[in-house]
Structures are given as structure tokens and as C-alpha cells.
């Protein structure tokens, strides 16, 4: 009698190998917990890689999803979508009360960044500055895996075998080198205020402010990639609010849809106007279903009491980590810390019912749902304290 092929064995035959070996599969979630087919419970401090800010199976969000699914899913951007208007108004208000922003909706973070990079060049062209074509990314920056975003992503392992990359797109080898290289040929610089893939490292506030000033001096644009830091992850709705800078263009995704593919590009109104009809588009971006979800998420997360809770939980996690680990860095509810062997540490964490991500050979990243509470932190502290004694 032939042995039945398991789903995980079949996966090796039918799926691309780009995600490596995956030995966990989940069948349901509840708040900050995930459950596998055997009923094992895991405290999820990955949140779909900083996506499920409201946790899993959030009752209010589930109700919105069910209602919208019965009403209207998709029409295309040939027609006005009311949910886009309401969401754009909210995001513009959250971005600034003094500066006018406009929005365009897409499906993912890399798509938002591609659109932002394209917009920066287009704006310089229509402004009579066609020589401004260079786009610079920071050391250790990560902006996505499509060709434009990849071309301003620093990590060489993502770029291997992908050359030639986009001409005029570059990554600096030092932070001071970024500022020194800015001249009249620069269309924009793209930055993360907290570099997640680099080990959850906040970028120095002084550097970001000097970078913004230098860009203004030469007419270059500042693009802030808020794909991971946005939607409350850092304890403010946008991460850049804590760094004393004002972006020309903002990109968002991840937590905006809480698992429903949703992204956004915000730009100052003058810059947004460079995208005249036909210059850019998205078939699925901003469809009624995604907009219903994103409006609910933004309404929930932008509540000052909700953001205060994120900051309190973040301070507690920082305290817990610093009791047992070195080089604890982060902001709000995104943290990184050093361990002797990240893969071994992660496996012991899984065996102990805790999910984390690895962002270096000796570096762990945690990005829990923003709805965690004191009981979750007690469980987290118990697990990581026990791991510290054995790994």
C-alpha cells in the first residue's frame, strides 16, 4: 500500500523553493495566537511580518470583511471608489495638518515603492529638471524585491544574479556618503526610519534631518518607506513623526490591510499632480474590499488611546529584553536583539510555543500584533528567559 503524500512533501514538488523549507502550517488564529492542525498554540510575535497589527480573527474586522464580501469586491479604477476618498482623507490628515497630501492605492509594499520611485523621476521631469534622475538608498536599507525597489535595496544577497539593475538607482556604502553624494542630479532619496531587515535599527535622527535639509537645498525629494513602520507599529501612526522630518512621499502597506493585500503612496499635492491620467495605475489597487478593510484598520489604530497602548507595550518589551539580551534596539512594537545563534534560538522558541523572525546570523526580530496585552507579555517573558538559559 502506497504511503499518503503529506502536504509538506507535496509543497516541495509544486511550489517555488524561494521561501526555503517551511515546517509549520497554521489552520486558525485568535488575537496574538496561532494554532496548527494538531491544536498546538503559538504566541505569534511575527504578526505575518508586521502585518496583522490587529491580530488574527479580529471580530470587528471580520464583520467588515463579511459585510463587504456580500456587497462589492472589485470594480477597477475606471470608476470612483468611495472608500478610497475616505481613506485618502484620513491618511492625509494623519500625515500632516499643515501640508496637503494626496493618495494612490496599490497592493503591496514593493509596489508602493516602485510607484514612489517612478513618481519622483516624473515630478522632476515635469518640473523642468530632467537631469534629476538619480535615486539613492541608504546602507542596510530594504525596499522590496521588484527591480526598481531592489535597485535601492542594499543587501547584496537579494541582488545576486539580478544585474543589471535600474540605471541611476544606487545604494550608498556609508550614511555620510549619502549626504556627500547629493547634487543637482538627484531626484530622490528613499529611507526607512527604522531598518527592519537590518536588525531593527533606528536611523539616527540627526542624520535624517541633515539629509532632509540637503535634499531641500538641491530640490531632491525625500521618500520615507513606512511599509513596516507605518500604521502604528512604532507607537505613532507614522514612524517618521518621531524623527523631526517631513517626507515628500510616503509609502505604506503591511499593517494597512491586516493581511488583505493593500498599499498606498502618499505625496505632497504638487508632487502627486505629476501623475497625470495614464502615467501610472493599478488594476486591483484600492478596490472596495481592500478599502473597507483599510478604513477600519486606520480608524482603529489612529485612536490616541490605541497608540498609547502600543507605546506602553513597547516599553515593557524593551525592559524584558534588556534583562536577558544585548544590543536591544527598536521602537514601539518592533524590536531586535542579539543571540549566539539565531536559527538555533528560533527553533527553541518554536518548540516553546513562540514565533519570531530571524534577521541575521545572530539577530532576532519581534513584531507582535499591536493588540497584545500584559498576559501576552508575561508568557513572552517566561519563554525568552528560559531560552536565555539554554541557548
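What follows draws every value from the coordinates through simple rules; no lab data is involved. Since the structure is predicted, the reported quantities are computational estimates derived from the model, not experimental observations. Note that we place each Cβ from the backbone using ideal geometry, even for glycine, and neighbour counts take in every protein chain shown.
Could you work out the relative contact order of the chain, using alpha carbon pairs under 8 angstrom and six or more residues apart, expressed as a whole percent? Numbers along the way, then the final one.
On the way: 770 pairs, mean separation 87.1, N = 391.
So the answer I get is 22 percent.
Kindly express, to the nearest 10 degrees and within the range 0 to 90, the angle between helix 82-95's C-alpha long axis and the longest C-alpha principal axis of the chain. Approximately 90 degrees, to the nearest ten. Normalised radius of gyration (Cα atoms, divided by 2.2 N^0.38 Å) for the stretch 72-302: 0.95.
Rounded to whole Å, the principal axis extents of the Cα atoms in the stretch 241-391 read 60, 34, 33, largest first. In the stretch 72-302, Cα pairs under 8 Å separated by at least six residues give a relative contact order of 29 percent. With both labels modelled 7 Å from their Cα along Cα-to-Cβ, the residue 22 to residue 270 distance reads 4.5 nm. Principal semi-axes of the equivalent ellipsoid, √(5λ) from the alpha carbon gyration tensor of the stretch 329-391, are 18, 15, 9 Å from largest down.
Return one number: the angle in degrees, 0 to 90 and rounded to the nearest 10, between the long axis of the Cα atoms of helix 205-218 and the longest principal axis of the Cα atoms of the chain. It is inclined by approximately 30 degrees.
Arrange the peptides 98-104, 198-204 so that the one whose residues have, on average, the most other Cβ atoms within 10 Å appears first. The partial results should precede the final answer.
Working: 98-104: 16.0, 198-204: 19.3.
For the peptides 98-104, 198-204, the packing ranking is 198-204, 98-104.
On the basis of the beta-carbon distance and an R0 of 25 Å, residue 72 and residue 283 show a calculated FRET efficiency of 0.95.
Full extension of the chain between residue 89 and residue 206 yields a length gain of 39.1 nm, computed as 0.36 nm times the residue separation minus the alpha carbon distance.
Given the alpha-carbon gyration tensor of the stretch 159-208, what are the semi-axes of its equivalent ellipsoid in whole angstrom, ordered largest first, with each equal to the square root of 5 times an eigenvalue? The partial results should precede the final answer.
On the way: eigenvalues 85, 63, 15 Å².
Calculated on Cα positions only, the semi-axes equal 21, 18, 9 Å.
Can you tell me what share of the DSSP beta bridges in the chain is antiparallel? A percent to the nearest 5 is fine. Bridges in the chain are about 65 percent antiparallel. Here the contact order of the stretch 36-154, divided by its residue count and restricted to Cα pairs under 8 Å and six or more residues apart, works out to 14 percent. Where only DSSP H runs of four or more residues are counted, the chain gives -11500 deg cm²/dmol as its mean residue ellipticity at 222 nm, each run worth -39500 (n - 2.57). Axis angle, to the nearest 10 degrees, between helix 342-351 and the longest C-alpha principal axis of the chain: 50 degrees. In plain terms, the chain from residue 15 to residue 82 could stretch by 20.4 nm, reckoned as 0.36 nm per residue minus the Cα-Cα distance. Bridge orientation summary for the stretch 72-302: considering DSSP beta bridges with both residues in this region, about 45 percent are antiparallel.
Centre-to-centre separation between the Cα atoms of the stretch 285-337 and those of the stretch 10-55: 20 Å. Relative to the current alpha-carbon distance between residue 180 and residue 155, full extension at 0.36 nm per residue lengthens the span by 6.9 nm. Classify the stretch 171-297: rounded, prolate or oblate, from the alpha-carbon gyration tensor (a ≥ b ≥ c, eigenvalue square roots; a/c under 1.5 rounded; otherwise prolate if a/b is larger than b/c)? Verdict is oblate for the stretch 171-297.
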